[in-house]
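Reviewing the structure listed below.
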Amino acid sequence: MSPADQSRLTLRAIEIFVAIVEEGSFATGAQRLGASTSSVSQQITNLEAALGTRLIDRSARPLGLTPAGFVFQRRALAILDEAARARTELAELEMTSLPQLRLAMLEDFDAEVTPELVVRLSETLPGCNIVAHSAPSHENLAALEARSMDMVVAADIDAPADWIEQHLILRDPYILVTARGLLTPGGDPLAQLMTAPMMRYASTQLMGRQIENHLRRLRLAPERRFEFEANHSVMATVARLNGWTITTPPGYLRAPRFHDQLDTCPLPFKSFARTLSLYARRGVLGALPGRAANLLRQQIAARCIDPALREMPWLGDDFRILGSGEQPAAPGSGVPGLRVIGS
């Protein structure tokens, strides 16, 4: 490195200085930044050369700041804040000129949530061609991996790959939907279900596999006769054949024409839930996925959670919006069932 390079004031050196001061040592500061201790030490030496003064007292344990270091620390934090704001503003500027956004949603949100989300996004992305697509979770995730979609909404990924950016949206519990009057009050609900036909979601769908896995964990084996890919077909056949199914509140809400022929209640065995998230390729769309996730949370709260709680108040806090700091729903967690087995 030439003397001119060594005396240059760089943003990276300032970032390293702040990390070392906050961590209290060169080693932990380097670890935080994913750099070697020797390279970090050299960057600080170069920074001090550029400023013409010592910033860190290396003889102190733990490391101490010189008087000049205390002064520069305040300036360094202000510089990093300004740099972060500049990055955000540039990313926002780039997003306003985005030519096309390809969005894959779950079919549960077709009627109410997706149209409103597209309208809100169009207001912040003038001139952008927004293409909205609906498909099951596994298809949406495959489309994101294949780069045929920019953002997708899908259910649980246990361990998202490093290239995936995840924004938690919704805790979505599984519930029981039966034909009207199928369960006799005072009777054993589980025994009654086992004598009635179950309408299953197709095993090709993530939702169908989650339900089947949960039943196997509980050693429950309803007769397998009817399996559907379309949610409306499930609800219609439940009503027609005096049967039952396991679905989620949005799945039930999507079929209002059958509601007068159906009953809903908690599961009569150990409950469980899925987590819905918005996924994008990490770092590609800047702050847009986070903004889209916030818009999505607002729309789901108003158009799914509020109507569901009016009709099914027993859902309580189990059907709720998730923030970025929360954890996904754990398998087997949820509202208490009518009778819990296998717990």
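The values are calculated or read from the model by the stated rules, or taken from the named source; none is laboratory data. Everything numeric in this text was worked out from a predicted model, so none of it was measured. Here the Cβ is made from the backbone with ideal geometry for all residues, glycine too, and neighbour counts use every protein chain on show.
Observations, loosely collected:
- Flag: residue 220 does not match the condition of being modelled with pLDDT of 95 or more and on the phi < 0 side of the Ramachandran plot.
- Helices (runs of 4 or more DSSP H) contained entirely in the range 233-324, each with at least 2 residues that are of a type outside the set (Asp, Glu), out of contact with any helix residue (DSSP H, G or I) (no Cβ under 9 Å at 6 or more places or on another chain) and over 26 Å from residue 198 (Cα atoms): 288-300
- Within the range 208-242, the set of residues being over 25 Å from residue 109 (Cα atoms) and among the small types (Gly, Ala, Ser) comprises just one member, 221.
- Considering each residue of the range 28-41 in turn, at least one proves to be at pLDDT below 90, surrounded by fewer than 15 Cβ atoms within 10 Å (Cβ to Cβ) and at positive phi.
- Of all residues assigned to the range 131-147, none qualifies as being surrounded by 15 or more Cβ atoms within 10 Å (Cβ to Cβ) and among the β-branched types (Val, Ile, Thr).
- Put simply, of 208, 181 the only residue that is touching a residue at least 60 places away in the same chain (Cβ under 8 Å), out of contact with any helix residue (DSSP H, G or I) (no Cβ under 6 Å at 6 or more places or on another chain), more than 16 Å from residue 275 (Cβ to Cβ) and assigned by TED's automatic domain parsing to the domain that holds residue 309 is 181.
- Candidates in the range 148-172 are the residues that are farther than 21 Å from residue 109 by Cα and over 13 Å from the mean Cα position of the chain (by Cα); of these, the one that is surrounded by the most Cβ atoms within 10 Å (Cβ to Cβ) is 163.
- Candidate set: the range 20-46, residues that are in a helix (DSSP H, G or I) and among the small types (Gly, Ala, Ser); chosen: the one farthest from residue 10 (Cα to Cα): 27
- Subset of the range 181-210 [over 29 Å from the mean Cα position of the chain (by Cα), in a loop (DSSP other than H, G, I, E, B) and surrounded by 14 or more Cβ atoms within 10 Å (Cβ to Cβ)]: 182, 183, 196, 197
- Hits in the range 58-71 - residues which are surrounded by 14 or more Cβ atoms within 10 Å (Cβ to Cβ) and outside any helix (DSSP H, G or I): 63, 64, 65, 66
- Of the residues contained in the range 129-145, one or more are found to be free of Cβ contacts under 8 Å to residues at least 12 places away in the same chain and either farther than 14 Å from residue 289 by Cβ or among the hydroxyl-bearing types (Ser, Thr, Tyr) (or both).
- Of the residues making up the range 312-343, those that are under 19 Å from residue 268 (Cα atoms) and modelled with pLDDT of 90 or more are 312, 313, 314, 315, 316, 317, 318, 319.
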